[in-house]
Amino acid sequence: MRICKWLYDTLSGQLNESFIALKPLLKIMGILLAFFAVLFILGQFFDILTVENVTLGLQGASEIDALTLSAMIIVLLCVDIFITVPTLTITLLAGFFLGFPQGALIALIGTSCATFLGYVMGERWGEPAIGKIIRNDADIIDLTATFHTHGPLMITLARAAPMVPEICALLAGATNMKFGRYALFHFIGTLPYVAIASYAGSVSSVDDPMPAIYGAMFLYAIGWGGWFLFRKWNRIKT
């Protein structure tokens, strides 16, 4: 999978520790990626929360009232912790139907609910689950130390790829990262994301969808550019 290769290359580029210290984190992230990927494939196969039916659902809710639409957007974004949903599309549509900055606020609430729920789930069940996967106590200590050191950057840039924000949330809870620290880097990365996407959606129309398209391209360019610059800087420093 391309996303697995990206995570491996990114983490390998930014860590100075040996591969032995990195291996436990990669193992857990690989398992989580596979889990979310299976959920995504099942969702697509059974036509659950695809771009098409999400768009139709939000369009129908917009014809009722803004409160119903806002609640639906929050719920859709919140269930992203359980099954992959088109987060960027929903955020663009939040701006399209609710305008800016209302759409950005609703999208921020929804994405935050999903990742904060993931943090709580990781805090509650993550440590026992990791203990069953990684038997060596020293490897668990390495995993925790590695994520606490490099997790903030991963959390900040997580919106550059699908499924990564949820994985980071689960790992933050499972490794007992302080919630305030996790929330800080979550907002640093998510606030610009929802602001740009919702604004792009608010200035788009059915006849002129290009602002939304440009906004999506810009967000991915910024996210991937951030990873690239950090890797280059870290290599020079090393």
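The values are calculated or read from the model by the stated rules, or taken from the named source; none is laboratory data. None of the values given here were measured: they were computed from a predicted structure. Reconstructed Cβ throughout: ideal geometry from the backbone, glycine too, with neighbour counts over all protein chains shown. Ligands, DNA and RNA are stripped out before the accessible areas are found, and what is left, the full protein with its side chains, is counted by its heavy atoms. Shrake-Rupley method; radii C 1.70, N 1.55, O 1.52, S 1.80 Å.
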**OP:** Express the carbon and sulfur contribution to the solvent-accessible surface of the range 32-121 as a percent, rounded to the nearest whole number, probe 1.4 angstrom.
**Re:** 78
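Going by average Cβ density within 10 Å per residue, which order do the peptides 179-190, 38-49 take, highest to lowest?
With the highest mean Cβ count within 10 Å placed first, the list reads 179-190, 38-49.
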Original post:
Each residue of the range 158-164 in turn: what ³J(HN,Hα) in whole Hz from Karplus with 6.51, -1.76, 1.60 and θ = phi - 60°, glycine and Pro shown as x?
Top reply: 4, 5, 6, 8, x, 6, 5
**OP:** Using a 1.4 angstrom probe on the protein heavy atoms only, line up K178, K27 by accessible area, largest first.
**Re:** K178, K27
